[in-house]
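Please treat every number below as a calculation from the coordinates, not as lab data. As the structure is a prediction and not an experimental result, all values here were calculated from the model. We place every Cβ from the backbone using ideal geometry, glycine too, and count neighbours over all the protein chains shown.
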Amino acid sequence: MSSKGAEIARRYRERRDADPDRRRKYLEKERDKWKKDRETGTKKGVNELSERAKRAKRKKWREAKSQDRARDRASALLQSETPPDSPAAPENQPEPGLSRQQRLGASARRRSKRN
């Protein structure tokens, strides 16, 4: 079950981010790791890439952005098509009974049945 691992990771991130001091240390560590990778050349900026690598990276960015926009459009569409929640009915109001026309029709049927 892959979802269990995802759930464990999500809970870990929530705990980590809940404590401001722990989050600050984590971000600091990530920043230091990024700087180290930049210095060693493991991570490069776009200006340091070859033309072919630039095109590939930008293509990935465009595809990711396109998927992001599609996801946003889908959620906006879902929001716009979802009807608003029904207001909660107060408990002290009685349920409506028969309408006037239904009452008169029923009494007329009873009268005609007697005759």
Cα→Cβ-extended label distance, 7 Å offset, between Ala108 and Ser50, nm: 9.0
Crossing angle, helix 20-40 versus the chain [Cα axis fit, 0-90 degrees, rounded to tens]: 40
Stretchable slack from Leu27 to Lys65, in nm (0.36 nm times residue separation minus alpha-carbon distance): 11.2 nm
Nearest 10 degrees, 0 to 90: helix 51-81 Cα axis against the chain principal axis: 20
Whole-angstrom Cα spans of the chain along principal axes, big to small: 104, 39, 28
Tensor-based shape of the stretch 1-43 (alpha-carbon gyration tensor, a/c under 1.5 rounded, otherwise prolate or oblate): oblate
Folded to 0 to 90 degrees: helix 100-114 orientation relative to the chain principal axis, Cα: 40
